[in-house]
Amino acid sequence: MIDYLAIEPLIVARLEDQLADVTIKSTWGIPKIPETFDLPPAVLIFLEDDRPGPESGRSQKVEQVWLCLVVVNDPGNEAGPLIAQVIRALSGWTPDGATFAPFKRVKSTFAPDTSPNGVYYFPLAFSTSFVFNT
């Protein structure tokens with residue numbers, strides 16, 4: 001594996017393929033999220049956690065947790081259906097059968113939140129693993 005973050009564009013492509021009329025963007029964490037009313041509905045993707053396992057020679061199993069942050073203006077009408085679409089699109093999905101383990105939903109370290117601008121955030125975390133050769 002040449003790119004340690006190779007799964008990120010695959011997640012974006014999967015969500016773009018599975019979700020209609022939703023902005024899908026990569027970001028580098030919650031502080032980098034633009035709070036604008038024209039962004040939602042959206043799903044923002046970033047690496048939430050990186051868990052390297054014990055090394056075995058020149059190989060190491062790595063688990064990565066990727067956050068899919070559902071962003072909406074109207075939680076009563078937009079949040080539930082969009083959350084369901086993201087879960088359906090990623091749960092059990094195998095990005096690359098030879099490289100990555102199937103995605104599974106895990107608990108996020110983030111909680112649902114609201115910004116002062118009236119934008120609502122719903123975190124959905126998914127983990128996958130791969131073997132990294134040094």
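What follows draws every value from the coordinates through simple rules; no lab data is involved. Just so you know, these numbers come straight off a predicted model, no measurement behind them. So basically every Cβ, Gly included, is an ideal-geometry build from the backbone, and we count neighbours across all protein chains shown.
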Can you give me the angle between helix 7-18 and the longest principal axis of the chain, using Cα atoms only, in degrees from 0 to 90, rounded to the nearest 10? 40
Counting Lys and Arg as +1 and Asp and Glu as -1, each charge on the Cβ, what is the dipole of the chain about the Cα centre in debye, to the nearest 20? 460
Which of the trypsin sites (Lys or Arg not before Pro) found in the stretch 33-109 are in a DSSP loop and have at most 14 neighbouring Cβ atoms, other than their own, within 10 Å? Arg58, Lys107
Just to be sure I understand the model, the point goes 7 Å from the Cα along the line to the Cβ. What's the resulting Thr134 to Val12 distance in nm? 3.0
Stretched fully, the stretch from Lys25 through Ala98 gains (0.36 nm per residue minus C-alpha distance, one decimal, in nm) 23.7 nm
Suppose R0 equals 25 Å; then what is the FRET efficiency for Val62 and Ala84 from their Cβ-Cβ distance, rounded to the nearest 0.05? 0.30
Excluding Val86 itself, calculate the net charge of residues whose Cβ lies under 11 Å from the Cβ of Val86, where each Lys or Arg counts +1 and each Asp or Glu counts -1. +3
Ignoring chymotrypsin sites (Phe, Trp or Tyr not before Pro) that are buried or in helix or strand per DSSP, and keeping those with at most 13 other beta carbon atoms within 10 Å, what is the longest stretch of the chain between them? 38-134
May I have the convex hull volume per residue, in Å³, for the Cα set of the stretch 7-133? 102
Under the 7 Å Cα-to-Cβ spin-label approximation, Asp49 and Asn77 lie apart by a distance in nanometres of 3.6
Label-point separation, Leu39 to Asp3 (7 Å along Cα→Cβ), nm: 2.3
Only helical DSSP H runs with n ≥ 4 go in: add -39500 (n - 2.57) per run for the chain, normalise by residue count and round the 222 nm mean residue ellipticity to 500 deg cm²/dmol. -5500 deg cm²/dmol
Count neighbours as other Cβ atoms within 10 Å of each site's Cβ, and list the GluC sites (Glu not before Pro) in the stretch 33-130 that are DSSP loop with at most 16 such neighbours. Glu35
